[in-house]
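*Asks:* Handing you a structure now.
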Amino acid sequence: SACLVGSEMCIRDRDALSKITTYMREHYREELKLSDVAATFGYSDAYLSRMFQKYAKINYKTYLQDIRMAYAYRDLLNTDHTISQIALDNGFCSSRGFSGEFQKRYGILPSEMRKQINEKGQKNAID
């Protein structure tokens, strides 16, 4: 029985969404289409999509991008992996797609940020 009714927060949906978001954080490196995740948890695409809008106040795709971007950002700061490797490791189809998304979000290309990080590091090494 569905429970996306009125404005009441359905406990069952919230619990389900919590399991789904945990699953997404564990599998964000994979393709993770909405339809696959919905099927995994026994929901229709439309229902899962509405659940995200209603409880997370964000759409599925944006939520997934947020997860991927957070991990990619961390890798950019903490590893010396190439931008391409970071993109692929974090579920982006290409380094170009990743760089575009990164710039939209942070106002700087990942390569530029990497350069700034390296310059800071060298300056600290000199001091």
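*Asks:* In the stretch 76-95, which residues are surrounded by fewer than 18 Cβ atoms within 10 Å (Cβ to Cβ), modelled with pLDDT of 95 or more and not in a loop (DSSP other than H, G, I, E, B)?
*Replies:* Once the filter is applied, which keeps residues that are surrounded by fewer than 18 Cβ atoms within 10 Å (Cβ to Cβ), modelled with pLDDT of 95 or more and not in a loop (DSSP other than H, G, I, E, B), the stretch 76-95 yields S84, Q85, L88, D89.
*Asks:* Is it true that G42 is part of a loop (DSSP other than H, G, I, E, B) and small (G, A, S)?
*Replies:* On the way: part of a loop (DSSP other than H, G, I, E, B): yes; small (G, A, S): yes.
For G42, the condition - part of a loop (DSSP other than H, G, I, E, B) and small (G, A, S) - is met.
*Asks:* Would you be able to tell me the number of residues in the stretch 96-111 that are out of contact with any Leu (no Cβ under 8 Å at 6 or more places or on another chain), free of Cβ contacts under 8 Å to residues at least 12 places away in the same chain and either open to solvent by less than 60 Å² (accessible area, probe 1.4 Å) or not charged (D, E, K, R) (or both)? Spell out how you get there, then give the answer.
*Replies:* The first filter runs over the stretch 96-111 and keeps only residues out of contact with any Leu (no Cβ under 8 Å at 6 or more places or on another chain), leaving 96-98, 100-101, 104-109, 111.
Checking which are free of Cβ contacts under 8 Å to residues at least 12 places away in the same chain leaves us with 96-97, 100, 104, 107-109.
Still in the list and also either open to solvent by less than 60 Å² (accessible area, probe 1.4 Å) or not charged (D, E, K, R) (or both): 97, 100, 107-109.
Qualifying residue count for the region: 5.
*Asks:* Pick out the one residue from Y63, Y73 that is in a helix (DSSP H, G or I), over 28 Å from S44 (Cα atoms), of a type in the set (S, T, Y) and open to solvent by less than 90 Å² (accessible area, probe 1.4 Å).
*Replies:* Numbers: Y63 fails: over 28 Å from S44 (Cα atoms).
Within the list Y63, Y73, the selection yields Y73.
*Asks:* Are any residues in the stretch 35-69 in contact with a helix residue (DSSP H, G or I) (Cβ under 9 Å, 6 or more places away or on another chain), in contact (Cβ under 8 Å) with a residue 40 or more places away in the chain and not aliphatic (A, V, I, L, M), and if so, which ones?
*Replies:* Hits for the stretch 35-69 are Y47, K54, Y55, Y63, R68.
*Asks:* Right, something else. Would you tally the residues in the stretch 29-55 being small (G, A, S) and surrounded by 15 or more Cβ atoms within 10 Å (Cβ to Cβ)? Explain how you work it out, then say what you get.
*Replies:* Just the residues of the stretch 29-55 that are small (G, A, S), to begin with: 35, 38-39, 42, 44, 46, 49.
If we keep only those that are surrounded by 15 or more Cβ atoms within 10 Å (Cβ to Cβ) as well, we get 38, 49.
Total satisfying the criteria: 2.
The values are calculated or read from the model by the stated rules, or taken from the named source; none is laboratory data. Keep in mind it's a predicted model, so treat the numbers as computed, not measured. Glycine also receives a Cβ, built like all others from the backbone with ideal geometry; neighbour counts cover every protein chain displayed. Quick note on the areas: whole protein, heavy atoms, side chains included, nothing else; ligands and nucleic acids left out. Shrake-Rupley method; radii C 1.70, N 1.55, O 1.52, S 1.80 Å.
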